[in-house]
Amino acid sequence: MSEHVEHDRSPLRTAAARLHLVVVGAGLVLLVMSSAIAPYGWVAPLTVAAGLLLGQRRDTTSDRRAGLRHKAVPFFAAAVILFWALTQITWQLGERDAKERARDVTRWAGVRLLLERDGRYYVVSRGWKPRRDPLYVIRESDDIWGALTSGTQPRST
């Protein structure tokens, strides 16, 4: 069995697995410096997780490394840290998307509030035609938040 394990390993893979603590350490240093790498803070947990997973690729010829403590715990920790990194990536992409959309907010289709009654807002779009365009009825709830601002006035031509 140990012949198969040794045969299955390339020298590059073995060297990378031996350096897993260096990779984890680099990730921890990046984590401490998170304010300096602010837009890319997700790199730190991703590096830590990669180091933990590289540690799982170490030579397992001895039985003492095969237990739950040395296999499952680092793998679970890497999974949790990867989830954290994905959360940060998602947050960054969402924030970037919101900023891009906010730049063009004045070009969005404007709306005109007709009436607010009994927790319902009756709204039509600017330039609304009664027989052609929809009337929007928005019901107020804990899940829906709306703000009415002055916005921009259409130019009269």
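Note the full-extension length gain between LYS99 and ARG132 as 0.36 nm times their separation in residues minus their Cα-Cα distance, in nm to one decimal.
Details: separation 33, 0.36 × 33 = 11.88 nm, distance 3.31 nm.
Full extension from LYS99 to ARG132 adds 8.6 nm.
Could you calculate the contour length gain from LEU12 to ASP118, that is, 0.36 nm times the residue separation minus the distance between their Cα atoms, to one decimal place in nm?
Working: separation 106, 0.36 × 106 = 38.16 nm, distance 6.92 nm.
Difference between extended and current length: 31.2 nm.
Each reported figure results from applying straightforward, stated rules to the coordinates on display, with no laboratory input. What you see is a predicted model, and the numbers here were worked out from it, not measured in a lab.
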